[in-house]
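Undergrad: Mind having a look at this structure? Questions to follow.
The values are calculated or read from the model by the stated rules, or taken from the named source; none is laboratory data. Remember, it's a predicted structure, so these values are computed and weren't measured experimentally. Neighbour counts are summed over all protein chains in view; Cβ atoms, including those assigned to glycine, are modelled from backbone coordinates with ideal geometry. Protein only, heavy atoms only, side chains kept; ligands, DNA and RNA dropped before computing areas. Shrake-Rupley method; radii C 1.70, N 1.55, O 1.52, S 1.80 Å.
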Amino acid sequence: MGVTGTLKTLSDPEKEIVEKEYKIKHFTYMPSAFGKNNNRFNEINDVYVEEEADYHNQIVKQILNKMSGRHDIKLPVLVFFESKVKLENFMKSASFERIKTFSFKLTEEDSDHDKIYRIKHATAPETVTLMTRGFGRGIDFVSKEESVSKNGGV
């Protein structure tokens, strides 16, 4: 169990474990240092069911759509795959060729140096970072680019 961002949402049995096993009796909640998260999940607009033959093409279509942002800037996009195999299959697909020149791969097997570098640069404009799902929690992808923040963020 993590405590950043999830502590407020623990179920009663989870809270009991925290209190009994870890002897934590008092909790302090602080707002995020990164500000309010304006992302909203909309099941109608955010869930896609595709035929297997068109799956990779639809991922590229969504990446390009998200990159277009609200203005002229090409926004960074983070894409999380269920496994390294699925990530690599996507990278081998003909669809991937359209975004290959501005895409980077990040997996658990990369060196610590490469992980730090790729995480730091994942939020640069016009960048697509393809990752395994392990990077979807516990990593702070922070954009220092004002143009990215002003135009909808990562």
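Undergrad: Compute the relative contact order of the chain as a whole-number percentage, counting only Cα pairs closer than 8 Å that sit 6 or more residues apart in sequence.
TA: 25
Undergrad: Moving to a separate point now. What ranking of 104, 141 comes out by heavy-atom accessible area, probe 1.4 Å, highest first?
TA: 104, 141
Undergrad: Solvent-accessible area of residue 132, probe 1.4 Å, all protein chains present, reported in Å² to the nearest ten, please.
TA: Residue 132 has an accessible surface of roughly 10 Å² with all protein chains in place.
Undergrad: Next up: What nm distance separates the two modelled labels at residue 93 and residue 120, each placed 7 Å from Cα along Cα→Cβ?
TA: Spacing of the two 7 Å Cα→Cβ label points: 3.2 nm.
Undergrad: Give me, ordered by chain and number, the residues 5 or more places off residue 104 or on other chains with an amide H under 5 Å from its own placed amide H.
TA: Answer set, sorted by chain and number: 128, 129, 130.
Undergrad: Give me the number: length gained by fully extending residue 8 to residue 142, i.e. 0.36 nm times residue separation minus the C-alpha to C-alpha distance, one decimal in nm.
TA: So the extension gain works out to 45.9 nm.
Undergrad: With a Förster radius of 35 Å, plug the Cβ-Cβ distance of residue 51 and residue 104 into 1/(1 + (r/R0)^6) and report the FRET value to the nearest 0.05.
TA: Here the calculated transfer efficiency is 0.80.
Undergrad: Let me ask you something else. Please calculate the 1.4 Å probe accessible area of residue 140, with all protein chains present, and give it to the nearest 10 Å².
TA: Surface accessible to solvent at residue 140 totals approximately 100 Å².
Undergrad: Which entry in (1) 18.2, 54; (2) 17.2, 53; (3) 15.1, 46 is this structure's computed Rg and Dmax of the Cα atoms in Å?
TA: (1)
Undergrad: Here is a further query. So how much slack lies between residue 149 and residue 86, counting 0.36 nm per residue of separation and subtracting their Cα-Cα distance, in nm?
TA: Gain on extension, residue 149 to residue 86, equals 19.7 nm.
Undergrad: Go through 113, 94, 124 and say which Cα lies farthest out towards the positive end of the charge dipole of region 78-131; charges sit on Cβ, +1 for Lys and Arg, -1 for Asp and Glu.
TA: 94
Undergrad: Something else now. Restricting the count to DSSP beta bridges whose residues both fall in the chain, what percent are antiparallel, rounded to a multiple of 5?
TA: If we restrict to bridges inside the chain, about 0 percent are antiparallel.
Undergrad: Which residue, 85, 136, 148, has the largest displacement toward the positive end of the dipole of the chain when charges sit on each Cβ (Lys, Arg +1; Asp, Glu -1)?
TA: Comparing the listed Cα positions along the dipole, 148 ranks first.
Undergrad: Could you size up the charge dipole of the chain around its Cα centre, putting +1 on the beta carbon of Lys and Arg and -1 on that of Asp and Glu, and report it in debye to the nearest 20?
TA: The dipole magnitude comes to about 500 debye.
Undergrad: Can you return the lysines within cross-link range of residue 66? Criterion is Cα-Cα under 30 Å, with same-chain partners fewer than 8 residues away left out.
TA: 36, 74, 84, 86, 92, 100, 105, 115, 120, 144, 150
Undergrad: Rolling a 1.4 angstrom probe over the protein heavy atoms, how many square angstrom per residue are accessible across the chain?
TA: Per-residue value: 75 Å².
Undergrad: Kindly provide the helix-only [θ] at 222 nm of the chain, computed as the sum of -39,500 (n - 2.57) over DSSP H runs of four or more divided by all residues, to the nearest 500 deg cm²/dmol?
TA: Value at 222 nm, helices only: -9000 deg cm²/dmol.
Undergrad: Now for a separate question. Computing the accessible area with a 1.4 Å probe over protein heavy atoms, can you report the carbon and sulfur percentage for region 97-154?
TA: So the carbon and sulfur contribution to the accessible surface is 47 percent.
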